[in-house]
Amino acid sequence: MANKRDYYEVLGVPRDATEESVRKAFRRLALEYHPDRNTDAGAEDRFKEINEAYQVLSNPDRRAAYDRHGHAGVAVANGGWQGFEGIDTLGGLGDIFDAFFGGMGAGTQARPRRGRDLQLGLTISFEEAALGTQRRVEVTRTEPCGRCRGSRSEPGTSPERCRTCQGNGQVRRSQRSLFGQFVQVVSCPACRGEGQTVTHPCAQCRGRGLEPRTRQLEVNIPAGVEDGTRIRLTGEGEAGVPGARPGDLYIDLRVQEHAFFRRQDNDLLYELAVNFAQAALGDTVKVPTLQGEEALRIPAGIQSGTVLRIRGKGVPHLDGGRRGDLLVTVTVVTPKDLDPEARRLLEALAKKLGAPDGAEERRRPPGWFRGGKGRSS
Ligand SMILES: [Zn+2]
Ligand SMILES: [Zn+2]
């Protein structure tokens, strides 16, 4: 007990503070340190300390004993009173808080609850993501009952005013505690704060007001979405309690891989194989795009790995701006299985061409690196 802080110091009030200013100080500090509101380390200990100080200073007898004998006087006066532990008879911190602040802490008031959000996964093709599409999804959710329209009462009947709370939705509960007598305002247990009771529950929903429904929804998927894009359908989640708005439906998109396109932001990547003759002489070839084939001119003498750009044949920007491009990486494929004639032609060509420029310096002794290209380092 020797290390306990002075109760006046704990509440930050002078020794001659009035009951009213003690109460005000407690209220301010309790609001600040209540564990429901303050998650700082040590807030709960501080809250207990504040409570303990208030229990003593708010009671004239105990306060007098404390003034005369300090902490020891209070402990003796209460027959070994254990401080904060006594408060647990009230049912925990939330109740104390409610007793003082009318439920603003732990929320005993019934307030409209928004419906739950729902989430669905949807797999779409690469093309659908790039070009946009309409898809139908099926969602099972709670909706207001079709028979009672969410009122919970059988049609033709109406709920009665709650007798327990006289329609207020709240009841006052007197409680004796270490603080003295408190009047606690709590949500009416009979009607759960609604102020009325259903006397003839709806036969279809058994008085729940809600029922499960499976719906088909059209989802508009804009062009340019990517794997992982989340689409929100506002108000298409579960119904809330009557008067509250429904939740939202979130659709998480999975985009399938394409057989030969890859995507880099809004550009499409495509790899085009050409043979040695096409690369050397140039050619015009057909390349696929998302909307049919497109002619692409390959300039004579192109090197393997060169990227050719076809403007505007990529994926549209989600905001409706311009499209990305189609980037065609040209790969020169070296022939493997030559027929005798092709072989003869290539041998003739080899004599004609000689070694590429700079090959003399790059030449290495045979077998210096198996499969190496002889590139200088
Ligand atoms: Zn119903
Ligand atoms: Zn009631």
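The values are calculated or read from the model by the stated rules, or taken from the named source; none is laboratory data. These numbers come from a predicted model, not from an experiment. Positions of Cβ are backbone-derived with ideal geometry, glycine not excepted, and every protein chain shown enters the neighbour counts.
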Right, Gly150: within 29 Å of Gly247 (Cβ to Cβ), surrounded by fewer than 14 Cβ atoms within 10 Å (Cβ to Cβ) and within 12 Å of ligand 1 (Cβ to nearest atom) or not?
no
Name the residues in the range 126-147 that are of a type outside the set (Val, Ile, Thr), exposed (fewer than 15 other Cβ atoms within 10 Å of the Cβ) and either assigned to a strand (DSSP E or B) or modelled with pLDDT of 95 or more (or both), would you?
Gln134, Arg136, Glu138
With respect to Gly193, is the statement that it is within 16 Å of ligand 2 (Cβ to nearest atom) and either in contact (Cβ under 8 Å) with a residue 40 or more places away in the chain or basic (Lys, Arg) (or both) true?
yes
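Return a yes/no flag: does the range 193-213 have any residue that is away from ligand 1 (no atom under 15 Å from the Cβ) and loosely packed, with under 15 Cβ neighbours inside 10 Å. Let's see the steps before the verdict.
Residues of the range 193-213 that are away from ligand 1 (no atom under 15 Å from the Cβ), as a first pass: 193-197.
Cutting the leftovers down to loosely packed, with under 15 Cβ neighbours inside 10 Å gives us none.
For the range 193-213, residues away from ligand 1 (no atom under 15 Å from the Cβ) and loosely packed, with under 15 Cβ neighbours inside 10 Å: absent.
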Got at least one residue in the range 233-256 being surrounded by fewer than 13 Cβ atoms within 10 Å (Cβ to Cβ), away from ligand 1 (no atom under 16 Å from the Cβ), without any contact (Cβ under 8 Å) to a residue 24 or more places away in the chain and among the basic types (Lys, Arg)?
no
Collect the residues in the range 179-192 that are of a type in the set (A, V, I, L, M, F, W, C) and either part of a loop (DSSP other than H, G, I, E, B) or within 16 Å of ligand 1 (Cβ to nearest atom) (or both), keeping them in residue-number order.
Phe179, Cys188, Ala190, Cys191
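Restricting attention to the range 306-323, does a residue exist that is among the basic types (Lys, Arg), buried (at least 18 other Cβ atoms within 10 Å of the Cβ) and not in a strand (DSSP E or B)?
Start the filter on the range 306-323 by keeping residues that are among the basic types (Lys, Arg), which leaves 309, 311, 313, 322-323.
In the following step, the residues that additionally are buried (at least 18 other Cβ atoms within 10 Å of the Cβ) were identified as 313, 323.
Filter again for not in a strand (DSSP E or B), leaving 313.
Within the range 306-323 (the criterion being among the basic types (Lys, Arg), buried (at least 18 other Cβ atoms within 10 Å of the Cβ) and not in a strand (DSSP E or B)), the answer is yes, since at least one residue qualifies.
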Check off (1) touching an Asp or Glu at 6+ places or on another chain (Cβ under 8 Å); (2) assigned to a strand (DSSP E or B); (3) surrounded by 17 or more Cβ atoms within 10 Å (Cβ to Cβ); (4) among the hydrophobic types (A, V, I, L, M, F, W, C) for Val219 and give me the number that stays unchecked.
(1)
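Restricting the range 44-69 to residues that are of a type in the set (Gly, Ala, Ser) and free of Cβ contacts under 8 Å to residues at least 60 places away in the same chain, which is surrounded by the fewest Cβ atoms within 10 Å (Cβ to Cβ)? Outline the logic, then answer.
Taking the range 44-69 as the starting set, the residues that turn out to be of a type in the set (Gly, Ala, Ser) are 53, 58, 64-65.
With the extra rule that they be free of Cβ contacts under 8 Å to residues at least 60 places away in the same chain, the set shrinks to 53, 64-65.
Values: Ala53: 25, Ala64: 12, Ala65: 19.
That would be Ala64.
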Residues of the range 324-336 satisfying the condition of being in contact with an Asp or Glu (Cβ under 9 Å, 6 or more places away or on another chain) and in a strand (DSSP E or B):
Leu326, Leu327, Val328, Thr329, Val330, Thr331
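For the range 273-305, enumerate the residues that are β-branched (Val, Ile, Thr) and in a strand (DSSP E or B). Before you say what the answer is, go through the steps one by one.
Taking the range 273-305 as the starting set, the residues that turn out to be β-branched (Val, Ile, Thr) are 274, 284-285, 287, 289, 298, 302.
Matches in the range 273-305: Val274, Thr284, Val285, Val287, Thr289, Ile298.
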Is one or more of the residues making up the range 240-249 among the charged types (D, E, K, R) and closer than 15 Å to Gly132 by Cα?
no
Could you list, in sequence order, the residues of the range 27-43 that are more than 29 Å from the chain's Cα centre (by Cα) and in contact (Cβ under 8 Å) with a residue 40 or more places away in the chain?
Arg27, Ala30, Leu31
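Checking the structure you have, find out if any residue of the range 112-124 is more than 21 Å from the chain's Cα centre (by Cα), among the polar types (S, T, N, Q) and either under 19 Å from Asp227 (Cβ atoms) or outside any helix (DSSP H, G or I) (or both).
no
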Among residues of the range 173-207, those that are within 30 Å of Pro60 (Cα to Cα) and more than 39 Å from the chain's Cα centre (by Cα), counted
11
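Of all the residues that make up the range 153-178, how many are within 16 Å of ligand 1 (Cβ to nearest atom), among the hydroxyl-bearing types (Ser, Thr, Tyr) and surrounded by 16 or more Cβ atoms within 10 Å (Cβ to Cβ)? Step through it out loud before you land on a result.
Keep residues of the range 153-178 that are within 16 Å of ligand 1 (Cβ to nearest atom), which gives 153-159.
So of that shortlist, the ones also among the hydroxyl-bearing types (Ser, Thr, Tyr) come out as 153, 157-158.
The next check asks that each one be surrounded by 16 or more Cβ atoms within 10 Å (Cβ to Cβ); those that pass are 153.
Within the range 153-178, residues that are within 16 Å of ligand 1 (Cβ to nearest atom), among the hydroxyl-bearing types (Ser, Thr, Tyr) and surrounded by 16 or more Cβ atoms within 10 Å (Cβ to Cβ) number 1.
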Starting from residues that are in contact with a helix residue (DSSP H, G or I) (Cβ under 9 Å, 6 or more places away or on another chain) and without any contact (Cβ under 8 Å) to a residue 60 or more places away in the chain, keep the ones in the range 324-345 and report whichever is surrounded by the fewest Cβ atoms within 10 Å (Cβ to Cβ).
Thr334
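Within the range 151-158, is there a residue that is polar (S, T, N, Q), under 37 Å from the mean Cα position of the chain (by Cα) and assigned to a loop (DSSP other than H, G, I, E, B)?
The initial filter retains those residues of the range 151-158 that are polar (S, T, N, Q), namely 151, 153, 157-158.
Add one more test, that the residue is under 37 Å from the mean Cα position of the chain (by Cα), and what stays is 151, 153.
Now narrow it down to the ones that are assigned to a loop (DSSP other than H, G, I, E, B): 151.
Looking through the range 151-158, at least one residue is polar (S, T, N, Q), under 37 Å from the mean Cα position of the chain (by Cα) and assigned to a loop (DSSP other than H, G, I, E, B).
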